[in-house]
Amino acid sequence: MAKDLIDDIKRPKRSLQDVLPASPSGRPNQGEPTALPKVEKYQSHRRRWPVVFLIFLIIIIPTVYLASVMFGRATVTVIPRQLPLTVTGTYRAVSLPASAASSSVLGFQTMTIRGSDSITIPAGPAVPVSEKSSGTIVIANRYSQKPQRLVVTTRFEAATGKIYRIQESVLVPGYTLAQGKMTPGELTVAVKADQPGADYNGTLTTFTIPGFKSDARFNTIMARAKTTFTGGFVGERKIVNPAAQVAAAADLVKQLKDRLLAEAVSQIPNEYVWYPNTAFWRLGGASTTDASSKQEVKLTQQIELVAPIFSRSELSQTLARQLVSGYDGAPVLLEKIEGLSLQPLGTLSDPGRLTDFTFTLGGQGVLVWQFNPSALVHDLASRSSSDYQAVFVKYPSITNSQATFSPPWLIRFPADQKKITILTGEKPSAKISSTTNQRDRPNGN
């Protein structure tokens, strides 16, 4: 009995592996994880998820949003007020300097484009020739607000002492006053040297009128050269058959007219419009010089295109005042205004000497109300994307708009105005807001 008790005490204790069943391979379950560690690992991952999500909220989302704000852009497409217009009627334009333009008077200014070209024609024997130099000058009237008449052959003395004369009687406009500033009345005229010879050729500067030396007009009615003086010659020159010279000069004039008309289209500023059938041509005298060949002479022709030009905005507003009921003087532009048909009433004389002229105007167009894109961008900058339509209350010339953002989740317009783009559309998209402005209606159209 005592021995059995001792054996029980000495018998080695069994481990957990002795109690658990053996693995299918018959090997002890050594090295295999127990169920308890698996539970601890799963719970550890569950504890980490809130931390990761919190980091995402604190760092990633603000970073993405700040980046979108920094690089975000906005595009606003606007639809301005438009009105189809049938243009018809008789109008009067007055010669005005740019500073004297007003909303009540349709003014015009003068565009002048010069050109010259040469051709060679068969020549005959040399004969004595005596020719006078010619050119154009600009006469300025600072003497009176009333026009000043200068009679034919009035003398103009250059700084060199040479005398040149106008070839017809002219009326020089009076000066104008605007805000205390005088703008002299000016007139461009052709003059010819008093005597023949090459001494009268060249680039000249200023002119006085010797006949005015005894009164105040001598220092207040003066002139300056507008072109270089050419054509003065005394000597022998080959002659050409008169009929051949007339035909060659006519061909040369036609070529020059076609060229200057094309140049006028490309040179006129965008804010002005002109009509080709108002073009007036100043023809300089054709001159001949010896060509390199002994059997030919070179015929040179000078020509000037002179035409009245109109401010697009002033002409559009004049049409709106006459043809649109309830027009309030807002800035407008008639699309394709150069496509209208302008016809002077009567023969149009040199526009450089015109004080006014009357014409008819006809055609179709669309009158478009204007707005200031820069001011609109300024007003939209940093504005909330949810209430930006309130800005357009200040712009009655705009009827509809639609804004798009990049990225689309932006809630404000960029503060940087360079990142806001204004586009002008043709068809309405999203209504901005109701206004009290009523649609304009054309009178009788």
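Within segment 169-191, the residues that satisfy the criterion of being open to solvent by 20 Å² or more (accessible area, probe 1.4 Å) and touching a Leu at 6+ places or on another chain (Cβ under 9 Å) are S169, L171, P173, T176, T183.
With respect to (1) surrounded by 20 or more Cβ atoms within 10 Å (Cβ to Cβ); (2) touching a residue at least 60 places away in the same chain (Cβ under 8 Å), the lone exception for S116 is condition (1). G285: at positive phi and not hydroxyl-bearing (S, T, Y), yes or no? So G285 fails the test. Each residue in segment 120-155 was checked for being β-branched (V, I, T) and open to solvent by 80 Å² or more (accessible area, probe 1.4 Å), and 1 of them qualify.
Condition check ((1) modelled with pLDDT of 85 or more; (2) under 30 Å from P344 (Cβ atoms)) across all residues:
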| residue | (1), (2) |
| --- | --- |
| G211 | yes, no |
| P269 | yes, yes |
| F280 | yes, yes |
| E296 | no, no |
| Q301 | yes, yes |
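Taking segment 142-180 as the range and being charged (D, E, K, R), over 20 Å from T203 (Cα atoms) and in contact (Cβ under 8 Å) with a residue 24 or more places away in the chain as the test, the residues that pass are R142, K146. Do you know which residues across segment 227-258 are in a helix (DSSP H, G or I) and touching a residue at least 40 places away in the same chain (Cβ under 8 Å)? Listed by number, the residues that qualify are A244, Q245, A248, A249, D251, L252, V253, Q255, L256, K257.
Okay, residues lined up against (1) open to solvent by less than 20 Å² (accessible area, probe 1.4 Å); (2) at pLDDT 90 or above; (3) within 21 Å of the chain's Cα centre (by Cα); (4) of a type in the set (A, V, I, L, M, F, W, C):
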{"position": "A375", "(1), (2), (3), (4)": "no, yes, yes, yes"}
{"position": "S386", "(1), (2), (3), (4)": "no, no, no, no"}
{"position": "Q389", "(1), (2), (3), (4)": "no, no, no, no"}
{"position": "Y395", "(1), (2), (3), (4)": "no, yes, no, no"}
{"position": "T399", "(1), (2), (3), (4)": "yes, yes, no, no"}
{"position": "Q402", "(1), (2), (3), (4)": "no, no, no, no"}
{"position": "P408", "(1), (2), (3), (4)": "no, no, no, no"}
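A320 fulfils the conditions (1) under 24 Å from the mean Cα position of the chain (by Cα); (2) surrounded by 19 or more Cβ atoms within 10 Å (Cβ to Cβ); (3) closer than 30 Å to L187 by Cβ except for a single criterion, (3). Just checking, does segment 77-93 include any residue being under 25 Å from K257 (Cβ atoms) and either open to solvent by less than 20 Å² (accessible area, probe 1.4 Å) or touching a strand residue (DSSP E or B) at 6+ places or on another chain (Cβ under 6 Å) (or both)? Yes; the residues of segment 77-93 include at least one that is under 25 Å from K257 (Cβ atoms) and either open to solvent by less than 20 Å² (accessible area, probe 1.4 Å) or touching a strand residue (DSSP E or B) at 6+ places or on another chain (Cβ under 6 Å) (or both). Looking across segment 257-272 at every residue that is acidic (D, E) and touching a strand residue (DSSP E or B) at 6+ places or on another chain (Cβ under 9 Å), the one that is nearest to Q109 (Cα to Cα) is identified as E271. Look at L261 and say whether it is in a strand (DSSP E or B), in contact with a helix residue (DSSP H, G or I) (Cβ under 9 Å, 6 or more places away or on another chain) and at pLDDT 90 or above. Spelling it out, it is not the case that L261 is in a strand (DSSP E or B), in contact with a helix residue (DSSP H, G or I) (Cβ under 9 Å, 6 or more places away or on another chain) and at pLDDT 90 or above.
Let's see how each residue does on (1) charged (D, E, K, R); (2) in contact with a Ser or Thr (Cβ under 9 Å, 6 or more places away or on another chain):
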residue: S214; (1), (2): no, no
residue: F218; (1), (2): no, yes
residue: Q245; (1), (2): no, yes
residue: P269; (1), (2): no, no
residue: R282; (1), (2): yes, yes
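When segment 208-226 is limited to residues that are touching a strand residue (DSSP E or B) at 6+ places or on another chain (Cβ under 7 Å) and not in a helix (DSSP H, G or I), the one that is most open to solvent (accessible area, probe 1.4 Å) turns out to be R224. For segment 323-373, the set of residues classified as of a type in the set (V, I, T), surrounded by 13 or more Cβ atoms within 10 Å (Cβ to Cβ) and free of Cβ contacts under 8 Å to residues at least 60 places away in the same chain consists of V332 only. Here the strands (runs of 3 or more DSSP E) wholly within segment 267-379 that include at least 3 residues being of a type in the set (S, T, N, Q) are 287-290, 296-311, 356-369.
The values are calculated or read from the model by the stated rules, or taken from the named source; none is laboratory data. Fair warning: this is a prediction, and the values are worked out from it, not measured in the lab. For neighbour counting, all protein chains shown are included, and Cβ atoms are generated from backbone atoms with ideal geometry for every residue, glycine included. Calculation scope for accessible area: heavy atoms of the full protein, side chains included, ligands and nucleic acids excluded. Shrake-Rupley method; radii C 1.70, N 1.55, O 1.52, S 1.80 Å.
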